[in-house]
Structures are given as structure tokens and as C-alpha cells.
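Notes follow once the structure below has been shown.
The values are calculated or read from the model by the stated rules, or taken from the named source; none is laboratory data. Just so it is clear, the model here is predicted, and its values are computed rather than measured. Note that each Cβ is placed from the backbone with ideal geometry, even for glycine, and that neighbours are counted across all protein chains shown. Heavy atoms of the whole protein, side chains included, go into the accessibility calculation; ligands, DNA and RNA do not. Shrake-Rupley method; radii C 1.70, N 1.55, O 1.52, S 1.80 Å.
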Number of protein chains: 2
Amino acid sequence: VTVRSYDPRTGAVNGSVDETTGAALRLVLEAARQAAPVVAGVAPAVRREWLRAIAASLEVHREELVALAERETALGETRLDGEVIRTAGQLRFYGDVAAEGSYLRAMLDTATDTTPHLARVNEPLGPVAVFGAGNFPFAFGCLGNDTASAIAAGCPVVVKAHPAHPLLSARLVAVARAALEAAGAPGGTLGAVSGFDAGVELVTSPVVRAVAFTGSQSGGLALWRAANEREVVIPVFAEMGTVNPIIVTPGGAGRMAEIAAGFVASFTLGSGQFCTKPGLLLAPSGSRAAAAVAGALQQAAPRPLMLTEAVAAAVPVAVDALVAAGASVVATVPGPASGWTAPAVVLEAPVDALHHGSRLLEECFGAVVVVTEYGDTRQFESAVEQLHGALAGSVMTAGGPDVSDDADAAHAVRLLATKVGRVAVDDWPTGVAYTWAQQHGGPWPATSAPAATSVGAAALDRFVRPVTYQSAPDGWLPVPLRAANPWSVPRRIDGALAPDAIR
Amino acid sequence: VTVRSYDPRTGAVNGSVDETTGAALRLVLEAARQAAPVVAGVAPAVRREWLRAIAASLEVHREELVALAERETALGETRLDGEVIRTAGQLRFYGDVAAEGSYLRAMLDTATDTTPHLARVNEPLGPVAVFGAGNFPFAFGCLGNDTASAIAAGCPVVVKAHPAHPLLSARLVAVARAALEAAGAPGGTLGAVSGFDAGVELVTSPVVRAVAFTGSQSGGLALWRAANEREVVIPVFAEMGTVNPIIVTPGGAGRMAEIAAGFVASFTLGSGQFCTKPGLLLAPSGSRAAAAVAGALQQAAPRPLMLTEAVAAAVPVAVDALVAAGASVVATVPGPASGWTAPAVVLEAPVDALHHGSRLLEECFGAVVVVTEYGDTRQFESAVEQLHGALAGSVMTAGGPDVSDDADAAHAVRLLATKVGRVAVDDWPTGVAYTWAQQHGGPWPATSAPAATSVGAAALDRFVRPVTYQSAPDGWLPVPLRAANPWSVPRRIDGALAPDAIR
């Protein structure tokens, strides 16, 4: 049995990879199991070198990888080239975060008359199964944020390649494995499997200690349920699709044309196949927001090609469902004449159609958006109250030299913060910087673990758990807890930041 | 319908409290909902004052509360008095942790050419349902670690009182509510409900955003499942019973009598009704460990009284099940002649009876333990491999002036760390200090969220989630993220600890 690779521009078959057999899967898992103590035991700075080796190798193979990705995804060579560069940067970033060592949360309590010596540190969970995304073949794929942060945290990774780009995924893993081997990492540091059945087996294998997933809500929830039915339940960090809302304040209505153009640019990026695609615009009544967005879409004239035949076929079905839920189409720009084409669509809906259970509150993958207008503050608040948890959202203000002058916007920011993991002001949610303060995870059902993030320094936190050592002699403690602090990690001693933490 | 209070020494009825009606529950939840933004919005130092007010009031009412607790639990006035003092200390500790501010994990990334200004902070989840424990009416009860850490983190709490001490629970909540009111906290900061049905409704209410539970595995898993079936799933932090293993190294066999005496003192504490009760002793073959423990038990001659009639009745049933699983009884000390009495029992089992699925690997609540002997290292390792995840465990070494001389012990510590949340060396697991470096949570099924802790500074982390603000003006940011850092919380700026963090 094989997984076929297709060219979205024509539907033609590029080639195929074999599905992983049961016997092959067992070998991959056994390699991960054996690698786990080694990957966990080396200094974080060593894992940083491994990740840097992968990054450098990605850059060496950049042209080849971009060409292969373009054949399988049609996302455009410029975008894909940038994504390779970003992915290399991510790998280095998570290595740096690991080496810095604060993710270990090392703490020491000295003994008192009534309490013992306690030493606490985050330890790696063990092998992590990573289900790569279809829409970002590099940055959220086999070598994306999940894989990089899991290895950085000390966990071997077994990736399940996304069926939208099987050839690229296989090549990425081969490139990374060669780089890891050259850098001295154990062979089981990174493994890969293909095919649906192998993916299911990963989630149920006793070897696997955590799951990271980027993709659809149905896929993420299925994995989460499967993991919850294990004898030993493991955490599933599923980052699923959401309707990322954009709120235009009453003052923002004065620059509706500008906002509409930005909205179109944001929701048509990658043919609307971003998990941070803004899917709903809430504008003040009288702003004629739908007409502005429709006009901006006609002018932008995108030509959406979708990642897979199924994704393309789902777009018109979803538009019909939105119409059935009370929305009406105000603009449609068709996709290309051939290939896995889908239209870009702007719909308008009355604000009271955003009620509990409405299809309008659920994601529509692709360049499809709903625009609605609110009347007074009360109507605005109750609309936001109806929204599902989302990854990100934006507040668009009156603009001008000091946005703080927009009195309604601060309130909108506070309200939106109860519904999302990231609130942007006069900025679009689509871009997700990989930095220390990033949060890419939102309230249920945006992610299955809303306190976790799949991008940013805290991404490592998902793959560790704390262990406390009581009255243990110094030499038996994990390295970061020893008195000499050989790795120079930041530590708290009796609750205070230790002087050697300051660097 | 009422919840009856009983005296475990006689089985006589002390009195009763009414079960919470549906209408009353709605009022409690509405008060919590209204309090949430206020509790979240005040400075952590203000919540510290609220918690200090509760602590001081506990101390004022100490005698009355201890007497009431003794009538309902028969745990002994000395122990209960110490527990009140501890509980007041915990309340102050979590207040201090909140005021220190590192739990906020405040981070700021300055804008670059390619990335926006990002500011990240942990925000309170909202109302938390706390299911208090039966075995620690104060320290893990209505005003215990869960309640204190949730309020410290900025969340109102609704407690579901444990049916083993309904009168005490009602009184504790009344004392705390009066203290909170006098300290200026909103009325909904702390609420309480009674009765099984009200507990179930708490877990399914949209108002409730997280659940903390201390108790049995069946109870914890039922709540976890109920929360997972919500439309908006919420986290359940269930700390459940486990078999906390004690490993005696080959060198430790030389001081078996001393270890046996310590073991008996530990497992008979509170009639064996500790979540950290050591339930299994793994000793080297030839150590005659079972005989030593049996002798120490006879000498200690405990008189176990259990918290409830059901708990008492379950002890002999569990002993029978252990016997059916291949263990044999080597010593029994009967409980008192009357009341909710249960025997203290030492059983011995062959090490190969510790196989997958064996009842010997599951908790037996009460003063019941299993002793087993391992042969070589391989047998020791495979026995540890079979153990379920547990809260804590100990390694008992050869002792002496430098325990590091025991070459086997370091290996045992590393192995045990894969199975528990806390490893003690030459110390018993029963005591759980509330300090910065404590970890009271272990691998599944010890806790439903093994990366979380219900004791120690990190207990607050359970009740917050991060939100990142992108390109937001300073005045709209949550206070801990503002440039002036008005609360003086530790922060990272561009990944580095900011100088104002050092205090």
C-alpha cells in the first residue's frame, strides 16, 4: 500500500511512498525507545548542536526542497523558500531556548527544621509522536515547531508525515537524519512513518509519551480521544483550526477600505490555508464592511489552489453550509480553471445569526470569510461571547498617531483576550513569530491543551514533567540541580532567583 | 435531602447539612462568575491579603475547628491541630508565591524588522471547582492547597465538600467567607456546595473553567471523563490514590529492622489514609523484609479507625483481593473493637506476582502493605518497570555517613524517577512540604495531569493560561506587562531575565 503524491495544479501523480508496515513501525518505535535516555541525558547545548546541524542541512538542500514542495503543494516558490529559511531559524531558536535552560525550571529548597532538601527539575517525557501539518510543509511539518521543540526538550520524535506532501516529508526526514547522524545524535532521535494506520498505532503505542498535532478539528479530536482511551493516558497537544475573529471598533469604520484590503491579503494567504486565517470580521453597523471586503477581494483577484482534492472539494460544501446558516454570498472569485481549485468567497451574515450551535462559528478552511455588523456595545459583547475559542484575533482601531485614543479598542482587546491565545492590535493574525513571548494555542476547541503553545519558547514545556528529589545526595541529582550548576541554568533557590541565573 | 455527619469512633450521627439545591447552586455559580473579573483584576498582593485573612481566622478558630474535625474524622487532635497550623501556613505561602509574580511568566519581545512587539502573561482561567479530600480535612479540604492556589492565581473557587466531614467543611467555608468579606474580597470569591449531584453539576457548568480533585481513582477518573464530554472541555487536575513504592537497595538490607520500623510508622499514619502512603516495599532477597515489617507492626500496634463506614468496609475486601492476586498475609493487627474499624495488614508476595494487570499494583486505602523481594538487578528493574505511575517513592540505602557510597542506590533513584513525581532518599514519602520545589503529582494514573502539582509553588500554574498581546499600546496591556512594571514581577525581555526581576 502506498501514499500517493499529487500536483495540485493538475491533479497528476508525482509519485508515491510506501505506507509503513507494522514490522517497520516496531523498528522505528524501538529505535526511539532506545534513543530516549541518550537524548534526555545529553546537555541541552548538545541538542542545540543537533538542531543546528539539521538547520544547516535544510539550507544546503533549500533549492531541491522548495522545488519538491512546490510540486506537491503549489504554495508558490517564494513563500516556500521563505518557509525553509524560517524553519531553519526555528530549529536554531528552540536549540537556543534549550541551552538557555529556563525550560528546566530548576529549583532547590534548602532543608529546614521542618522540611527536607527538595530539588525539582523538568525531565523529558520520552518519545513524542508528531503529526505534521499539510498547510506548512516546512514550518509545521516533519521538521517544524513540534519536532524542533520536542528534540530541544530532550525527547526523540517519530513523525507521521502529512499525506499532502509525502515525497517532501520523506526527503526532509532523510536530510535531517543524515545531519543528526553526522552530528553524533543516536539513530532513534528522529524517525518517521507513513499512512493512516501507522499514525493510529503511534498514538496507542506504550513507547509514545506525548502527541503533537497540527491540523483539522476532526483529526485532532480523534487523536485526543484515542490517547484518552489508553491504559496510560498521554497528553495530546492538538492545534486545530479555528475562526480567528477580527473586531473593527466604531472608530475603525473610518478606515474601512484600508482594513478591508488588509483583511483580504490576510485571509487569502496560502489560499486561506492558515490556522491563523481570519475567518470572521465584526464591524460596526453602517461601516458597509461586507461591500468593502467584497471590493477588495475583487481587486486582489486571488487564484486559490488547494493542497488536496478533498480540501478543494470541501470549500463549496462549506460555503453552502454557511448560506444555510443564514449568511449570503456577496463576492466570489473563482480559482484557476484546472487543478484543485476553489473559489475565494466573502459572505455577509446578520449578527444574530452568530448564535450557539451555528455553523457560522466554525472554521471554513480556505479563502472564505464571513462579515457581520454589530449595533451597540451590548450587541458587540454578546457576539464576542458566542465566539468559540480561537488561536488568535485582532482589534482594528481608528488608527492614527496614537491608537490609545480609540476608547472602544481597549475594551475590545480585553474581551477578545478571553476567547483567544493571542490578540493583535491593528495587525493581522496570520503571521506567527517564533520568539520568547509567542503564544500559539487558544481556548478549547482551538487547542486541546489551551495552556500550551506550539510556537515560541514555551513550546518545550509540553514535553517535560517535573520530578522532585527529596534528601538526595548532590551526585545523584540530575545535572541541572547539582550544587556546581555545570550547565549554568537559571535556578531558584528557596524561591529566589539564584545569582548564577543572571547572564 | 441531607448529607449526614458521623462519628467514626461510634458510627453515631453528629448532625447533617442540606444538599445544595439546583437553585442554590445557580446562585453560587453566578456569584463566582461575577467575582471572576474582580479576583483576576486585583494585584496578586491584594489576593495575598485575602489569603492571609483566611489563615488568621483559621488560627483564631483553631480549637473549635479541631474539635469539630475530630468528631467527624477521628484522626486525632494532635494531628488535626498540626494540620490547621499547616493549612494556615499554606494559605500564606500561596499568597506569597502570587505576590512574587513569577507564576505570571511575564515576557516581552521588542519589535524587530521582521517580528512585532509581543507581550505574554498568564491570565486566570476563571471559576475553579475544588473537590476536597476526605483524608486531610484541612490541608487538602475546602481551604486546602487547591483552594489557596486557585485564589492566589486569581480564580474564584467553588468547593464541593467531602461527605466524610460535612459539618467541618461548612464551618470552614463560613469562617473563610467571613474573613474574605472583612478583607474586601468579592462575595463570590469562595462558594460551597454539598451533595453528589451538585458536584456533578459543577463539572458540567459552563461557568466552571477548571477542576481540582483529591481522592480516589474512580472518583477522579469519573470527573475527568465528565469534563472531557463537555462542549468546551476543561482541565481536570485529579490527584488520585497510588501505590507509592519503597525500594530497599542490597546495601539497605543491613538495616532492615530500622527500615521496617520507619515503614510501619509511615504507612500507619492517619490509619494509612494518606495519598502518599507507601504501599509496596521492594527489598533484596534474603533481607527477610516481610518478617521485619510484620514484627515492627506488631510492636507499633496501631489501632486503625477509618474515615467512613465504606472506607472501613473496603479494607478487608481489598486484602482478600491481594491474597487472590498471589499475596499472603504475614501480620494483621485488628482495629478497635467498635466504630469504623479496620485491620492493619502486612502481606508478602513473590516478585513475579507484580505482573501487568495484577491487583498488587493498585492502591489499597488503609494501613495495608505488600512486601516483596527481588533477586538480581534484572529482576529488580523489571519489577520497577511493572509499577504504575505514583505520586512519590523512596530509595532506602545502606545509610551511613555518606549514602553516596551505596552504588546501587543512584541507579534505583534514576529508575524510580521514571515512575513517580517525587523520589525521596532515606526518607518516607508521607510528608509533603509546601515549598517552591515541591512536586505532588505523578505519571498517569497517579494524577490526571502529570505535569501539574497540587502542592508547592507550581500549584498556581494549573489555573492560568497564557495570552500574548501583539502590537498593543502599553496602557492596554495587563498590568504585569506594562513598561513601568507596577507590580515589580520578574520578567523576561527578549528572552533575558530583566534586571528589575532580581529582588
Practice item. Take the Cα coordinates of the stretch B:12-80, assign each an equal point scatterer, and use the Debye formula without solvent to give log10 I(q)/I(0) at q = 0.11, 0.13, 0.26, 0.29 Å⁻¹. Key: -0.51, -0.69, -1.01, -1.11
Review point. Given the protein chains as shown and a 1.4 Å probe, how many square angstrom of A:Ile234 are accessible, to the nearest 10?
Key: 10
Exercise for review: Assuming R0 = 51 Å, can you tell me the calculated FRET efficiency for the pair A:Ala23 and B:Phe196, based on Cβ-Cβ distance, to the nearest 0.05?
Suggested key: 0.55
Practice item. Calculate the spin-label point distance for B:Ala178 paired with A:Val330, positioning each point 7 Å from the Cα along the beta-carbon direction, and give it in nanometres. Key: 6.1
Review point. In terms of the Cα gyration tensor, with a ≥ b ≥ c the square roots of its eigenvalues, is the stretch A:133-180 rounded because a/c is under 1.5, prolate because a/b exceeds b/c, or oblate?
Key: oblate
Review point. Quick one: helix B:256-267 against the long Cα principal axis of chain B, what's the angle to the nearest 10°, folded into 0 to 90?
Key: 50
Revision key, fill the gap. With a ≥ b ≥ c from the Cα gyration tensor eigenvalues, square-rooted, and the rule rounded for a/c under 1.5, otherwise prolate when a/b > b/c and oblate otherwise, the stretch A:1-148 is prolate
**Study point:** DSSP bridge pairs, the protein assembly as shown: antiparallel proportion in percent, nearest 5
**Key:** 35
Exercise for review: Could you list the square roots of 5 times each eigenvalue of the Cα gyration tensor of the stretch B:341-399, that is, the equivalent ellipsoid semi-axes, sorted largest first and rounded to whole Å?
Suggested key: 21, 15, 12
Study note, to complete from the structure: Heavy-atom accessible area of the stretch A:81-124 with neighbours in place, 1.4 angstrom probe: carbon+sulfur share in percent works out to 56
Check your understanding: Rounded to the nearest 5, what % of the DSSP beta bridges within the stretch B:286-403 are antiparallel ones?
Key -> 50
Review point. Around B:Ala344, which amide H atoms from residues at least 5 apart in sequence, or from another chain, sit under 5 Å from its own amide H, with H modelled in the peptide plane?
Key: B:Val333, B:Gly335
Practice item. Take the solvent-accessible surface of the protein heavy atoms, probe 1.4 Å, and return the percent of it on the stretch A:286-397 that carbon and sulfur atoms account for. Key: 54
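Net charge around A:Gly15, counting only other residues with Cβ within less than 15 Å of its Cβ (Lys, Arg = +1; Asp, Glu = -1)?
-3
Let me have the relative contact order for the stretch B:1-158, percent, based on Cα pairs under 8 Å that are six or more residues apart. Working shown, then result.
Details: 225 pairs, mean separation 42.8, N = 158.
It rounds to 27 percent for the stretch B:1-158.
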Revision key, fill the gap. Residues other than A:Thr249 with Cβ under 12 Å of its Cβ, Lys/Arg counted +1 and Asp/Glu -1, net out at -3
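Place a +1 charge on the Cβ of each Lys and Arg in the stretch B:3-112 and a -1 charge on the Cβ of each Asp and Glu, then give the dipole magnitude about the Cα centre in debye, rounded to the nearest 20.
So the magnitude is around 260 debye.
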Review point. Among the residues of the stretch A:486-500, which ones have their accessible area go down by 30 Å² or more when all the protein chains sit together, as opposed to their chain alone (1.4 Å probe)?
Key: A:Arg492, A:Gly495, A:Leu497
Point to revise | Under the Karplus curve 6.51 cos²θ - 1.76 cosθ + 1.60, θ = phi - 60°, whole-Hz ³J(HN,Hα) for the stretch A:77-87, x wherever Gly or Pro sits | key: 5, 5, 4, 5, 5, x, 5, 5, 4, 4, 5
**Study point:** Fraction of antiparallel bridges per DSSP, the stretch A:336-437 only, in percent to nearest 5
**Key:** 0
Revision key, fill the gap. Inter-copy distances for B:Ser471, label 7 Å out on the Cα-Cβ vector, sorted ascending, nm, one decimal, are 5.8
Practice item. With everything on Cα atoms, drop me the angle between helix B:44-60 and the longest principal axis of chain B, reported from 0 to 90° to the nearest 10. Key: 50
Study note, to complete from the structure: Quotient of Cα radius of gyration and Kirkwood radius for the stretch A:354-496, i.e. Rg/Rh, equals 1.14
Practice item. With all distinct Cα pairs included, what does the Kirkwood hydrodynamic radius of the stretch A:157-254 come out to in Å, to one decimal, could you say? Key: 15.8
Review point. To the nearest 10 Å², what's B:Trp436's accessible area with a 1.4 Å probe?
Key: 40
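Give me the percent relative contact order of the stretch B:339-411, please, defined on Cα pairs under 8 angstrom at least 6 residues apart.
Relative contact order, the stretch B:339-411: 28 percent.
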Exercise for review: Report, by chain and number, residues whose modeled amide H sits under 5 Å from the one on A:Val432, excluding near sequence neighbours (fewer than 5 apart, same chain).
Suggested key: none
Study note, to complete from the structure: For the stretch B:420-440 the residues that are at least 20 Å² less accessible with all protein chains than alone, 1.4 Å probe, are B:Gly421, B:Arg422, B:Val423, B:Val425, B:Asp427, B:Ala433, B:Thr435, B:Trp436, B:Ala437, B:Gln438, B:Gln439
Review point. With a 1.4 Å probe, how much accessible area is buried between chains B and A, both sides summed, in Å² to the nearest hundred?
Key: 5500
Study note, to complete from the structure: So, over other residues within a Cβ distance under 15 Å of B:Tyr94, counting Lys, Arg +1 and Asp, Glu -1, the net charge is +1
Point to revise | Label-to-label distance, nm, for residues given as A:His411 and B:Glu63 (7 Å Cα→Cβ offset) | key: 5.5
Review point. Name the trypsin sites (Lys or Arg not before Pro) in the stretch A:1-75 that are in a loop by DSSP and that have at most 16 other C-beta atoms within 10 Å, would you?
Key: A:Arg9
Study note, to complete from the structure: A correct Karplus calculation of ³J(HN,Hα) over the stretch A:228-233, with 6.51 cos²θ - 1.76 cosθ + 1.60, θ = phi - 60°, whole Hz and x for Gly and Pro, returns 6, 9, 5, 5, 9, 5
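Once you sort the root eigenvalues of the Cα gyration tensor of chain B as a ≥ b ≥ c, which label holds: rounded (a/c under 1.5), prolate (a/b larger than b/c) or oblate (the other case)?
Working: a/c = 2.09, a/b = 1.38, b/c = 1.52.
Here chain B falls in the oblate category.
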Review point. How far is B:Thr2 from itself in the other copies, in nm, if each label sits 7 Å out from Cα along the Cα-Cβ line, shortest first?
Key: 7.7
Exercise for review: Would you mind calculating the relative contact order of chain A from Cα pairs under 8 angstrom and at least 6 residues apart, reporting the percent as a whole number?
Suggested key: 18
Point to revise | Difference of contour (0.36 nm per residue) and Cα-Cα distance, A:Ala300 to A:Glu30 | key: 92.1 nm
Check your understanding: Measuring from a point 7 Å out along Cα→Cβ, what nm distances, shortest first, does B:Ala337 have to its partners in the other copies?
Key -> 10.2
Study note, to complete from the structure: Spelling it out for A:Val130: with amide H atoms placed in the peptide plane at 1.01 Å from N, the residues 5 or more places away or on another chain with amide H under 5 Å from its amide H are A:Val158, A:Val159, A:Lys160, A:Ala212
Practice item. Could you run the Debye sum over the Cα atoms of the protein assembly as shown, one equal point scatterer each and no solvent, and tell me log10 of I(q)/I(0) at q = 0.05, 0.09 Å⁻¹, two decimals? Key: -0.31, -1.00
Check your understanding: Using 1/(1 + (r/R0)^6) with R0 = 30 angstrom and r between the beta carbons of A:Asp376 and B:Val232, what's the FRET efficiency to the nearest 0.05?
Key -> 0.65
Review point. Between A:Glu77 and B:Trp487, what is the spin-label point distance in nm, taking each point 7 Å from the Cα along the Cα→C-beta axis?
Key: 5.2
Revision key, fill the gap. Computed over chain B, protein heavy atoms only, probe 1.4 angstrom, the accessible area per residue in square angstrom equals 34
Practice item. Provide a whole-number value for the mean count of partner chain Cβ atoms within 10 Å of the Cβ atoms in peptide B:397-405. Key: 2
Point to revise | Among B:Gly286, B:Ala412, B:Ala174 the positive-end extreme of the charge dipole of chain B (Cβ point charges) | key: B:Ala174
